[in-house]
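Structure first, commentary second.
The values are calculated or read from the model by the stated rules, or taken from the named source; none is laboratory data. Computed from a predicted model, the values in this text were never measured in an experiment. So basically every Cβ, Gly included, is an ideal-geometry build from the backbone, and we count neighbours across all protein chains shown. Protein only, heavy atoms only, side chains kept; ligands, DNA and RNA dropped before computing areas. Shrake-Rupley method; radii C 1.70, N 1.55, O 1.52, S 1.80 Å.
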Amino acid sequence: MDTILLDQQLRESLQFADPTFPINYYVDDLNRWADHQVPLHWHLGYEFFSTIHQDMEVQVGHEHLLLRKGESILIGGGQLHSYRMTEPGKDCLCPNIVFSDEVLAPITSLVFTKYFSPILNDPTLPYIIFSPEMEWQTMVLEYLFSIYGLLAAYEESWGSSPECIRVKTKKSECPEIEVHQKLVSIFQILYCHRKKIPHIKSGGRDQQTQIRLQKMLRYIQEHFAENISLEQLSGSAGISRSEAGRCFKKYYAQPPMTYVTLYRLKYAQELLANSSLTIHEIAFQCGFGDSSYFIKVFRKHFNQTPSEYRNTDF
């Protein structure tokens, strides 16, 4: 099921499959997402995301990046981010991992504070892009894809993984050790090449905009089943309607009410896949008012009706 559960601040409700080994492996098929994009969200864990089949539009904070086919990106904890396809309809399986700093080393240890923290907790490093064209980064990508394969087997999601991961990786007798070794090796490379990594400075204005955006997103999460006006939404953050539009345009590149629609559709996806509610009931629970309008909007964003989506083999 290609949806993200978010809390009141657009934070992904992240639960690790094994809390004693806090790292999760995913494969996102962006063809199954509304408007072919993983919506703007954030989580406390760090994330590696890779594109295999096509270029991807990536947003981190207010920055819009092009992640080229074959590249990967490391996104820092707490960063708002989203992904969008550039060639809808074509294959777009994107492997990624989300992990806690505890999977590397105790955060109070010398190893973490000296080597890992300067990379993970540097506010001027909200993201790092890795390209196969950069010699020192090729080993990072090799370790990363090996981790994908090890975790695919460990988390029993082997069948959903891209073929390049299944072909290159053999099952391990001690996957946790190998994953840890390779992840540590990645950060060893990053530390040794830290002076070559571009740093980005963010101002206080950006932080203020993000706080306002999170307040509005919290309001949407709490009231999406109701009628929401732009005036109510902007009022939740104590700003004008025009300022609300500016916040959303900067971070989401879409008007506020478009985001409301996409949030409702995301919730509708969950209900269609995981409940026995009728289309009519789902329409009202998701704030669409009537089922005919819900069906129209759903078809526009997914190119299929809610009933067809419900019958999809996830």
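Within the stretch 217-258, the residues that satisfy the criterion of being among the acidic types (Asp, Glu), assigned to a helix (DSSP H, G or I) and open to solvent by 40 Å² or more (accessible area, probe 1.4 Å) are Glu222, Glu231. Of the residues that make up the stretch 124-146, is at least one in contact (Cβ under 8 Å) with a residue 12 or more places away in the chain, of a type in the set (A, V, I, L, M, F, W, C) and more than 26 Å from Asp29 (Cα to Cα)? Yes, the stretch 124-146 has at least one match.
For the stretch 55-71, a residue qualifies if it is buried (at least 21 other Cβ atoms within 10 Å of the Cβ) and not in a strand (DSSP E or B), and the qualifying residues are Gly61, Glu71.
Given the criteria modelled with pLDDT under 95 and more than 21 Å from the chain's Cα centre (by Cα), does Thr108 qualify? Criteria met by Thr108. If the condition is being of a type in the set (Asp, Glu), farther than 22 Å from Tyr143 by Cβ and either more than 14 Å from the chain's Cα centre (by Cα) or in a helix (DSSP H, G or I) (or both), then the stretch 17-49 contributes only Asp35. Applying the condition of being open to solvent by 40 Å² or more (accessible area, probe 1.4 Å) and small (Gly, Ala, Ser) to the stretch 290-314 and asking which residue is farthest from Arg32 (Cα to Cα) yields Ser292. Just to be sure before I move on: is Ile52 buried (at least 17 other Cβ atoms within 10 Å of the Cβ) and not in a strand (DSSP E or B) in the structure I sent? Yes. Among the residues of the stretch 239-256, the one identified as over 21 Å from Glu63 (Cα atoms) and in contact (Cβ under 8 Å) with a residue 24 or more places away in the chain is Ile239.
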